[in-house]
1. Which of the listed residues, Val174, Gly147, Gly194, is farthest toward the dipole's positive end in the stretch 106-201, when Lys, Arg count +1 and Asp, Glu count -1 at the beta-carbon?
2. Given the peptides 101-112, 225-236, arrange them by the average over their residues of other C-beta atoms within 10 Å, most packed first.
3. Per residue, how many Å² of accessible area does the chain show with a 1.4 Å probe?
4. Under DSSP H, which helices of the chain have Cα atoms covering 15 Å or more of the helix axis and a Kyte-Doolittle average no less than 0.0?
5. Mind jotting down the three principal axis lengths of the stretch 176-277 based on Cα atoms? Whole angstrom, largest first.
6. Sort the following peptides by mean Cβ neighbour count (other Cβ atoms within 10 Å, averaged over residues), highest first: 183-191, 90-98, 238-246.
7. Run the dipole for the stretch 165-227 about the Cα centre, Lys and Arg Cβ at +1, Asp and Glu Cβ at -1, nothing else charged, and hand back the magnitude in debye, nearest 20.
8. Given the C-alpha centroids of the stretch 171-221 and the stretch 108-156, what is the distance between them in whole angstrom?
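The values are calculated or read from the model by the stated rules, or taken from the named source; none is laboratory data. Since we're looking at a predicted model, the values are computed, not measured. Quick reminder, even Gly has a Cβ in these numbers, built from the backbone with ideal geometry, and neighbours come from all protein chains shown. With ligands, DNA and RNA removed, areas are computed over all heavy atoms of the protein, side chains included. Shrake-Rupley method; radii C 1.70, N 1.55, O 1.52, S 1.80 Å.
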Amino acid sequence: MLLHFTKMHGLGNDFMVVDLITQRARLRDEQIRALADRRFGIGFDQLLVVEPPRDPDMDFRYRIYNADGSEVENCGNGARCFARFVRDQRLTHKREIRVETAGGPLTLAVGEDERVTVDMGAPRFAPEALPFEADEDRPLHALDVDGRALEVGVVSMGNPHAVLRVDDVDSAPVATLGPAIEHHPRFPRRVNAGFMQVVSPHEIRLRVYERGSGETLACGTGACAAVATGIRLGWLESPVTVHLPGGDLEIAWAGGASHLTMTGPAVRVFEGRVPVK
Ligand SMILES: N[C@@H](CCC[C@H](N)C(=O)O)C(=O)O
């Protein structure tokens, strides 16, 4: 069959978005990896799938797959593209959209300027939320990575993140430390590794080595994880502008159990049809 898809991006974190409400398909891990291939396939960081909700109080079910085929709990940039997609495809006319994800419910608000604000829920720092092997919840955990003694914040935004503060993101060893942190045995389900440079209390620079996709031009949940960690440690104050290689996100968090909000753009690039068996 020919599967209709839309290519989208949020600050260069790019997606293949598929409507499985009006089409039927079941994509296996190896098919997702083949479609994600940037030379032999369509090329994307994540595949986003729109499905009908299982909970009648929700508008849609939003499923997310990394380029390596693994299904994940949450994707912040993807959530903004998802909101834009369901409106553009006329699957809904709502500007406030409630979606089920494997990491919990999300509320997406589409502004008049078509920028999208996502209620990302509350950050969870308890090690078991990621999971991360540690005796207790601490703002920073010592982590030995290939003989280097690092200190990382760990936080779940539905999906797991480790945040490392660095002096300069441009020279941070993201390509080597990123995969070593991602596969560190204390993170049994792997982890997204964020490298954060604090510019001022309201501004950071961030690069993220994503679990299952490698370094991306932007990571929405990674931006939330970095801001939550920085505020918890007293390095940052809400709101915070996060400068990512692909552009800027605005993150706000009042602390404690309050919810983070993330605001940024969502861009449609092209549409196509691809054969799937
Ligand atoms: N690009 C994302 C996060 C996608 C999932 C992540 N790689 C994981 O495995 O948890 C974002 O914008 O949040």
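1. Looking along the dipole axis, the top candidate is Gly147.
2. Values: 101-112: 17.2, 225-236: 23.2.
Ranked by mean Cβ neighbours within 10 Å, highest first: 225-236, 101-112.
3. Working: 11910 Å² over 277 residues.
Per residue, the chain has an accessible area of 43 Å².
4. Values: long enough: 76-88 (18 Å, -0.42); 220-232 (18 Å, 0.87).
What comes out of the filter, once short or polar helices are dropped, is 220-232.
5. In descending order, the Cα extents are 51, 36, 26 Å.
6. Working: 183-191: 17.0, 90-98: 13.8, 238-246: 20.2.
With the highest mean Cβ count within 10 Å placed first, the list reads 238-246, 183-191, 90-98.
7. Working: 7 positive and 7 negative charges, 71 e Å.
Roughly 340 debye for the stretch 165-227.
8. First find each Cα centre; the distance between them is then 11 Å.
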